[in-house]
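Down below is the structure, laid out as structure tokens.
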Amino acid sequence: MSMQNILFIVNPVAGRGHGRRLAEFIVKNSGSSFKPVIMFTGGKGDAKMLTRRGLEQGILKFVAVGGDGTVNEVASELVNTEGVLGIIPTGSGNGLARHIKIPLRVRGALQIISGGKVRDIDYGLVEKQPFFCVSGVGFDASVGHRFAESPGRGLQTYARTAIMEFFRYKPKMYTLKIDGKRIIRRRAFLITFANASQYGNNAHIAPGADVGDGLIDLCILRPFHIIKSLGIVFELFGKSLDKNNLLEIIKCREVQLKRKHPGYIHYDGEPIKAGKKIIVRVVKHGLKVMVP
């Protein structure tokens, strides 16, 4: 029986630029259960292109070696196919990997690729763009936009960007139509559509979210006084923000959002410009993933 080829799509700049060394480690430590084929990305869109090409060549297992951006690109091409996603998380956030309990150490993540099981999970769609963790409008989309434009990377740069944006950002008014029936109007600091429980870095916006339930957790965080901001941060990282009455969570399959002006929306941290009306929906069990 011939060994199975697994395509490892490596972002060489993830993991503080250790991508190439990681690739060597993968080849040395992959054992005899599969044959690793290593491909490096050179920029945005490459991971999608490499995944598409791999599918055309009959490869069925793909491993995203990078952060949430690389994972999103590879997974976006694998939805609704027989292709299976594996993750070796080397980014700063690693939201989906953390949610589905993929070890953050490379050796541990590799063991799942050689001996883990395959699970079907849901994904979200916003403006025809798949997302696997969270999408959203408001404060976090603004931070994502500013972060994308800043020269630095990593958690420190992100935290600094978020603090600066916090003092600049003004909450907006939104009209939300839930599952085609219920209409609510909310003034919100941010609105997050959560497929998984967290943004990344264990910042849990929707502690009760489940990637297999066929539902999006619509999270509406109301405007709050600066005095409450530290408590909110503690609750976010303490997995208890859902107990705070400033956060409203509604489980649903589809949301139509209307706002006064076009603006940014993010999907898995990537900011894109979007119009006044946005439709977000969930696709149940549309992606196969290697899990512990």
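The values are calculated or read from the model by the stated rules, or taken from the named source; none is laboratory data. This structure is a prediction, so every number in the text was calculated from the model and none was measured. Positions of Cβ are backbone-derived with ideal geometry, glycine not excepted, and every protein chain shown enters the neighbour counts.
Of all the residues that make up the stretch 91-108, how many are surrounded by 24 or more Cβ atoms within 10 Å (Cβ to Cβ), hydrophobic (A, V, I, L, M, F, W, C) and under 21 Å from MET39 (Cα atoms)?
1
Mind listing whichever residues of the stretch 187-202 are under 12 Å from the mean Cα position of the chain (by Cα) and aliphatic (A, V, I, L, M)?
Result: ALA194, ALA196.
Is it the case that some residue within the stretch 254-265 is touching a helix residue (DSSP H, G or I) at 6+ places or on another chain (Cβ under 6 Å) and touching a residue at least 12 places away in the same chain (Cβ under 8 Å)?
Yes, the stretch 254-265 contains at least one residue that is touching a helix residue (DSSP H, G or I) at 6+ places or on another chain (Cβ under 6 Å) and touching a residue at least 12 places away in the same chain (Cβ under 8 Å).
At pLDDT below 95, closer than 23 Å to LYS177 by Cβ and not aromatic (Phe, Trp, Tyr): is that true of GLY269 in this structure?
Here the answer is no, as GLY269 does not meet what is asked.
Within the stretch 184-205, count every residue that is in contact with a Ser or Thr (Cβ under 6 Å, 6 or more places away or on another chain) and over 14 Å from ASP268 (Cα atoms).
Start the filter on the stretch 184-205 by keeping residues that are in contact with a Ser or Thr (Cβ under 6 Å, 6 or more places away or on another chain), which leaves 185, 193, 204-205.
Next cut, over 14 Å from ASP268 (Cα atoms) only: 185.
The total comes to 1.
Condition check ((1) within 18 Å of VAL280 (Cβ to Cβ); (2) in contact with an Asp or Glu (Cβ under 8 Å, 6 or more places away or on another chain); (3) among the polar types (S, T, N, Q)) across all residues:
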| residue | (1), (2), (3) |
| --- | --- |
| VAL106 | no, no, no |
| ILE113 | no, no, no |
| LYS117 | no, no, no |
| GLY124 | yes, no, no |
| GLY144 | yes, yes, no |
| ALA148 | no, yes, no |
| THR157 | no, no, yes |
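Pairs, please: C-beta under 7 Å, at least 6 apart or cross-chain, first residue at pLDDT 95 or above and in the stretch 112-126, second among the β-branched types (Val, Ile, Thr) and not in a strand (DSSP E or B)?
Pairs found: ILE121/VAL211; ASP122/VAL211; TYR123/VAL79.
Report yes if LEU96 is out of contact with any His (no Cβ under 7 Å at 6 or more places or on another chain), at pLDDT 90 or above and closer than 21 Å to LEU50 by Cβ, otherwise no.
Taking the combined requirement at face value, the residue satisfies it.
Could you please find all residues in the stretch 188-211 being of a type outside the set (Gly, Ala, Ser) and within 21 Å of ILE279 (Cβ to Cβ)?
Within the stretch 188-211, LEU190, ILE191, THR192, PHE193, ASN195, ILE205, VAL211 meet the criteria.
Which of the residues belonging to the stretch 214-230 are under 27 Å from ASP120 (Cα atoms) and surrounded by 15 or more Cβ atoms within 10 Å (Cβ to Cβ)?
LEU215, ILE216, ASP217, LEU218, CYS219
Residues ILE178, ILE184, ILE232: which one is under 23 Å from the mean Cα position of the chain (by Cα) and at pLDDT 95 or above?
Result: ILE178 is the single residue among ILE178, ILE184, ILE232 that is under 23 Å from the mean Cα position of the chain (by Cα) and at pLDDT 95 or above.
Quick one: in the stretch 148-183, which of the residues that are hydrophobic (A, V, I, L, M, F, W, C) and in contact (Cβ under 8 Å) with a residue 24 or more places away in the chain is surrounded by the most Cβ atoms within 10 Å (Cβ to Cβ)?
LEU176
Mind counting the residues in the stretch 48-90 that are buried (at least 19 other Cβ atoms within 10 Å of the Cβ) and part of a loop (DSSP other than H, G, I, E, B)?
Matching residues across the stretch 48-90 total 3.
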